[in-house]
Amino acid sequence: MTPHPAARIRPAEKADLAAIRLLIETAFGTRYDPVEPEHIWTLFPVDRALVAEVDGRLVAHSQTGPMTVTVPGGQLPAIGISGVAVAAPQRRRGLLRALYSEQHRQFAAEGIPLAALTASEGGIYGRFGYGAAAREHRIRLDRRFARFLPTAPDPGGVYQVSVPEAEPEIRRIYDTWRRVTPGAQERPDAAWALAFADAPRLRNGGGDLFAFLHPDGYALYRHHDDQSIEIKELRTLTADAHAALWRALCGRDLSHDLVAPVTGDDPLPYLLVDPRQVRTVAGYDTLWLRIMDIPAALTARRYDADLETVVAVDDPFLDAGGAFALRIRDGVAECAPTAAEPELSMGLDVLGAIYLGAHPARAFAAAGRLRGAPERVRALERAFAWRRDAVLGWGF
Ligand SMILES: CC(C)(COP(=O)(O)OP(=O)(O)OC[C@H]1O[C@@H](n2cnc3c(N)ncnc32)[C@H](O)[C@@H]1OP(=O)(O)O)[C@@H](O)C(=O)NCCC(=O)NCCS
């Protein structure tokens, strides 16, 4: 693709903020709530962002901010990318590629092992080495027909608490939860401020947030006019907290459907007499990861099965791939570049997708995107699977 011939890529400045805001609002077709920009630019400082200018007009923007992301058994520093927008008249002229090339060169120079984003469309970021590393389902459960099994835990301990009163406990529970949940990020004050500001434009037409609080979990939810309840965030540290919060939600008279994002390993259906009442209405990716430093990322996580292999990784975007000797013993990995013959090969996007255990290696093998003897693919899959599903902690 020919890059826009007249474009000038440069670091953003404070004086650009109004133009950046207009660019983002126009690209996504929604105005920021007045409380949002301050927090967004705290998370993604303007002096880290890049813009593209054509004829003195700002036509493209991409912002980045530091994050800490949990990986199986550990945590890694990461960089999050957000607010990516190219003005419609200048699209498909290589401006995103130009901004990304510069930004990823900078991430590599900074030694950042992971880059993270959430994608507006699924077809954009694979070419840049990103894989969908966490996914979730949207479920609908008509609470009027949800009957819990007699054997299902009924521990109680849930109280209706105002959101401001619940906030300190919610923050404490989240922080404990995110440390053991792959994909979940540390949540800075500005990200909490955005969550509790609960901008009307992000409410899907629903009302204010309400909270249920348990000593080991919380649910933030809102009502909609169609008598449904949207569960915005439900985080639990124990199975008891999970069961108790779902019982409390199912106890909400004067409402019908409960709509919630859940992971594939959520036990809700198994608590009910009729598991079919939990209807999956959508499945989608959440967190996308590009592994910037393969040895650093693969040795940062823990594993549940041993493995000794050589993996070739292809990175057409930055040419940062190569062959890596991977030796996993008792959950701990050693990984280093090697000249040895690879047994397995895949794109960097596939490595990102399997990194947190969200996708089985055999599915990518069946799609021809991960190559190796079936026994080696199975061994890779066993090693990379993890005890709990990956979750995006907070959206950005
Ligand atoms: C998505 C967006 C940023 C792309 O910007 P752009 O400048 O048109 O992208 P580029 O011209 O640099 O394209 C880079 C590559 O991505 C591909 N691409 C761009 N947009 C794509 C899309 N929506 N779906 C699939 N591929 C896409 C291009 O074909 C090109 O491929 P190639 O380099 O491998 O040939 C722009 O269309 C936009 O602002 N969209 C609305 C807001 C949005 O969705 N932002 C992303 C938030 S995560």
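Would you please name the residue that is most open to solvent (accessible area, probe 1.4 Å), looking only at residues in the range 272-315 that are part of a helix (DSSP H, G or I) and out of contact with any helix residue (DSSP H, G or I) (no Cβ under 6 Å at 6 or more places or on another chain)?
Looking at residues that are part of a helix (DSSP H, G or I) and out of contact with any helix residue (DSSP H, G or I) (no Cβ under 6 Å at 6 or more places or on another chain), I get Arg276.
Would you check which residues across the range 125-151 are open to solvent by 10 Å² or more (accessible area, probe 1.4 Å), in contact with a strand residue (DSSP E or B) (Cβ under 9 Å, 6 or more places away or on another chain) and under 25 Å from Val69 (Cβ atoms) and list them?
Listed by number, the residues that qualify are Tyr125, Gly126, Ala132, Arg135, Glu136, His137, Arg138.
How many residues does the range 156-179 contain that are surrounded by 14 or more Cβ atoms within 10 Å (Cβ to Cβ), touching a Ser or Thr at 6+ places or on another chain (Cβ under 9 Å) and of a type outside the set (A, V, I, L, M)?
Within the range 156-179, residues that are surrounded by 14 or more Cβ atoms within 10 Å (Cβ to Cβ), touching a Ser or Thr at 6+ places or on another chain (Cβ under 9 Å) and of a type outside the set (A, V, I, L, M) number 2.
For (1) within 16 Å of the ligand (Cβ to nearest atom); (2) in contact (Cβ under 8 Å) with a residue 24 or more places away in the chain, each residue gets a yes or a no:
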position: Glu25; (1), (2): yes, no
position: Tyr32; (1), (2): yes, yes
position: Val35; (1), (2): no, yes
position: Leu43; (1), (2): yes, yes
position: Leu50; (1), (2): yes, yes
position: His61; (1), (2): yes, yes
position: Ile81; (1), (2): yes, yes
position: His104; (1), (2): yes, yes
position: Ala116; (1), (2): yes, yes
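What about Asp266, is it open to solvent by 50 Å² or more (accessible area, probe 1.4 Å), among the charged types (D, E, K, R) and assigned to a loop (DSSP other than H, G, I, E, B)?
In short, no.
Which one of these is charged (D, E, K, R) and assigned by TED's automatic domain parsing to the domain that holds Gly322: Arg247, Arg302? Let's see the steps before the verdict.
On the way: Arg247 fails: assigned by TED's automatic domain parsing to the domain that holds Gly322.
After applying the criteria, what remains is Arg302.
Across the range 348-396, what is the total count of residues that are assigned to a helix (DSSP H, G or I) and of a type in the set (D, E, K, R)?
First, the residues of the range 348-396 that are assigned to a helix (DSSP H, G or I): 348-354, 361-366, 374-384.
Narrowing further to those that are of a type in the set (D, E, K, R): 349, 362, 375-376, 378, 381-382.
Result for the range 348-396: 7.
From (1) part of a helix (DSSP H, G or I); (2) free of Cβ contacts under 8 Å to residues at least 60 places away in the same chain; (3) within 16 Å of the ligand (Cβ to nearest atom), pick out the condition that doesn't hold for Ala15.
The one condition Ala15 does not meet is (3).
If I ask for residues that are open to solvent by less than 50 Å² (accessible area, probe 1.4 Å) and on the phi < 0 side of the Ramachandran plot, which ones from the range 321-338 would you list?
Gly321, Ala323, Phe324, Ala325, Leu326, Ile328, Ala333, Cys335, Ala336, Thr338
Out of Pro77, Pro89, report the one residue that is open to solvent by 30 Å² or more (accessible area, probe 1.4 Å), farther than 24 Å from Pro188 by Cα, without any contact (Cβ under 8 Å) to a residue 60 or more places away in the chain and more than 10 Å from the ligand (Cβ to nearest atom). It would help to see each step written out before you state the result.
Numbers: Pro77 fails: farther than 24 Å from Pro188 by Cα.
None of the other options fit; the residue is Pro89.
The values are calculated or read from the model by the stated rules, or taken from the named source; none is laboratory data. Please read all numbers here as calculations on a predicted model, not as lab measurements. Here Cβ is always computed from backbone atoms with ideal geometry, including for glycine, and neighbour counts include all displayed protein chains. Ligands, DNA and RNA are stripped out before the accessible areas are found, and what is left, the full protein with its side chains, is counted by its heavy atoms. Shrake-Rupley method; radii C 1.70, N 1.55, O 1.52, S 1.80 Å.
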